[in-house]
Amino acid sequence: MDQFMERAVELAAGNVREGGQPFGAVLVKDNKIVTEGVNELHETYDVSGHAELLAIRRAQKQLQTNDLSEYTMYASGEPCPMCLAAMYFAGIGKVYYGASVENAMEAGLGKAKSIYDDLQKTKTERTLSMIQMPLDEGQENPMEIWKQRE
């Protein structure tokens, strides 16, 4: 097993022993670990406290950048849609993962799979109701402000 995946799995196993979920992540650049993370939901009661997100947050804070395009993520489990979206936003180019979302579902951790399935549906068919509320005419428009900035 690759040394970085081995570390992600080691973090995940340790997290389970400490009462957390079986997810660990390692962010790598130039064959060196930059940051790590484990799911901290059991400690922080923060649904965004996933291993991959924490590794990304720590790297961005440490490096003072939003661009992680030269980095690779190693995750003990297939990233959930939230973590995957964060990796897209950060520009991460490659992700290696161990357990699949199907493996997680078999272990009783099926939320990611159900979200991936739900995202395949049209907006009107999804379980989370999303309703657009257009701005009133004459109302300040943040998108227009953004487009007009220097």
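Skipping prolines and chain starts, which residues have an amide H placed within reach, meaning under 5 Å, of the one on A99, given they are 5 or more residues away or on another chain? Those lying under 5 Å, H to H, from A99 are G77, E78. Axis of helix 81-90 versus longest Cα principal axis of the chain: the two differ by about 80°, to the nearest ten degrees. Nearest 10 degrees, 0 to 90: what angle lies between the long axis of helix 51-63 and the longest principal axis of the chain (Cα atoms)? Rounded to the nearest ten degrees, it is 80.
Antiparallel as a % of all DSSP beta bridges within the chain, to the nearest 5?
Numbers: 10 of 15 bridges.
Expressed as a percentage, antiparallel bridges in the chain total about 65.
Here is how the number arises for the chain: DSSP H runs of 4 or more residues each give -39500 (n - 2.57), the sum is divided by the residue count, and the result at 222 nm is -12000 deg cm²/dmol.
To the nearest 0.05, how large is the calculated FRET efficiency for D2 and E102 if R₀ is 25 Å and r is the Cβ-Cβ distance? Don't skip to the answer; put the middle values down first.
On the way: r = 22 Å, r/R0 = 0.86.
That pair, D2 with E102, gives E of 0.70.
About the centre of its Cα atoms, segment 31-114 shows a dipole size close to 180 debye [charges on the beta carbon of Lys, Arg (+1) and Asp, Glu (-1) only; nearest 20 debye]. Under a 5 Å amide H cut-off, with hydrogens placed 1.01 Å from N, I92 pairs with L68 among residues at least 5 apart or on other chains. Between the residues M5, L53, S114, the greatest Cα displacement towards the positive end of the dipole of the chain, with unit charges on the Cβ of Lys, Arg, Asp and Glu, is found for M5. For the chain, set up a GNM with springs between Cα atoms under 10 Å and report which of E140, E78, E43 has the largest fluctuation. So, out of E140, E78, E43, the one fluctuating most is E140. Other residues within the sphere of radius under 11 Å centred on the Cβ of K113, judged by their own Cβ, net out at -4 (K and R +1, D and E -1). Sorting 63-74, 117-128, 7-18 by their mean Cβ neighbour count within 10 Å, with the most densely packed peptide first, gives 7-18, 63-74, 117-128.
A simple charge model with +1 on the Cβ of Lys and Arg, -1 on the Cβ of Asp and Glu and nothing else charged puts the dipole of the chain at about 180 debye relative to its Cα centre. When a 1.4 Å probe is rolled over the protein heavy atoms, the share of accessible surface on segment 36-114 that falls to carbon and sulfur comes to 53 percent.
The values are calculated or read from the model by the stated rules, or taken from the named source; none is laboratory data. None of the values given here were measured: they were computed from a predicted structure. Heads up, the Cβs are rebuilt from the backbone with ideal geometry, glycines too, and the neighbour counts pull from every protein chain shown. With ligands, DNA and RNA removed, areas are computed over all heavy atoms of the protein, side chains included. Shrake-Rupley method; radii C 1.70, N 1.55, O 1.52, S 1.80 Å.
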